[in-house]
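Scroll down for the structure; my scribbles are underneath it.
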Amino acid sequence: MPDVDFGDRYRTMELALQGRFMRTDKSEYPAKMITISVAEMQMTSPVLLAPKEKVVAYFEHVGLIDGAVDRVYESSFSMCLNITTRKREKLAAQLTWLINRSDFTGLEGRRHERIAVGNKTVTMQLGERAVQCALLDISLSGASLGTHFRPVIGTEVIVGMQHAVVRRHHDHGIGVQFLQVQEANALQSLFD
């Protein structure tokens with residue numbers, strides 16, 4: 001992935017990921033990421049935005065990012081990211097992971113590699129209800145939980161310490177997607 005020089009102090013890389021963005025009036029539009037750094041990103045847009053307009057973008061493998069429109073082009077715009085230092089560090093780790101991933105061309109398949117965790121249990125909370133589940137496997141973006149309890153698909157739950165959404169039911173339990181993609185080195189301590 002070639003670097004692009006936006007004249008800032010951060011490394012900018014070309015990265016083609018599908019996603020969407022939302023304007024302050026809550027209207028949503030599809031987008032495709034063109035470039036990203038830990039300070040700004042450029043994406044396609046089917047609508048014309050105004051400089052300094054606030055937007056929230058979501059891209060798989062990156063998560064939610066908010067910011068303000070910096071530059072406007074004919075069919076795209078760039079935005080300055082409005083993120084905390086912690087989120088910036090997390091984004092840098094995620095971008096590094098994407099760059100170093102040996103099978104980058106296969107991202108269209110499973111989002112992240114699964115890691116089997118052995119005999120580990122985790123608490124899943126749904127409102128006031130807490131259920132002990134077997135942690136069957138985990139990835140940067142979700143987990144498979146062994147349980148007889150089947151929340152409705154789309155239900156928000158807390159798994160361990162992470163907010164997640166139930167995405168599927170399977171023979172042994174459920175699959176959940178974390179609301180924020182995790183850092184690769186954080187998976188070990190995620191459920192301590």
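The values are calculated or read from the model by the stated rules, or taken from the named source; none is laboratory data. Since the structure is predicted, the reported quantities are computational estimates derived from the model, not experimental observations. Glycine gets a Cβ as well: all are built from the backbone with ideal geometry, and neighbour counts include every protein chain shown.
Please indicate, with yes or no, whether at least one residue in the range 165-188 is modelled with pLDDT under 85, in contact with a Phe, Trp or Tyr (Cβ under 7 Å, 6 or more places away or on another chain) and among the aliphatic types (A, V, I, L, M).
Yes; the residues of the range 165-188 include at least one that is modelled with pLDDT under 85, in contact with a Phe, Trp or Tyr (Cβ under 7 Å, 6 or more places away or on another chain) and among the aliphatic types (A, V, I, L, M).
Condition first: modelled with pLDDT under 85, assigned to a loop (DSSP other than H, G, I, E, B) and either in the same structural domain as Glu53 (by TED's automatic domain parsing) or among the hydroxyl-bearing types (Ser, Thr, Tyr) (or both). Can you find one or more residues in the range 127-149 that meet it?
yes
Considering the range 33-79 alone, what residues qualify as being in a strand (DSSP E or B) and touching a helix residue (DSSP H, G or I) at 6+ places or on another chain (Cβ under 9 Å)? If you could, list the steps in order and put the result at the bottom.
So in the range 33-79, the residues in a strand (DSSP E or B) come out as 33-36, 40-44, 54-59, 63-72, 76-79.
Matches in the range 33-79: Ile36, Gly63, Ile65.
How many of the residues making up the range 115-124 are surrounded by 15 or more Cβ atoms within 10 Å (Cβ to Cβ) and of a type outside the set (Val, Ile, Thr)?
Of the residues in the range 115-124, 1 are surrounded by 15 or more Cβ atoms within 10 Å (Cβ to Cβ) and of a type outside the set (Val, Ile, Thr).
Please give the number of the condition Lys90 fails out of (1) more than 21 Å from the chain's Cα centre (by Cα); (2) charged (D, E, K, R); (3) modelled with pLDDT under 85.
Only one criterion is unmet by Lys90, namely (1).
Can you pull out the residues in the range 18-27 that are over 10 Å from Ala57 (Cβ atoms) and either touching a strand residue (DSSP E or B) at 6+ places or on another chain (Cβ under 9 Å) or in a strand (DSSP E or B) (or both)? Walk me through it before giving the result.
Of the range 18-27, the ones over 10 Å from Ala57 (Cβ atoms) are 18, 23-27.
Answer for the range 18-27, where residues must be over 10 Å from Ala57 (Cβ atoms) and either touching a strand residue (DSSP E or B) at 6+ places or on another chain (Cβ under 9 Å) or in a strand (DSSP E or B) (or both): Gln18, Arg23, Thr24.
Answer yes or no as to whether Gly19 is closer than 18 Å to Leu179 by Cα and out of contact with any Ser or Thr (no Cβ under 8 Å at 6 or more places or on another chain).
yes
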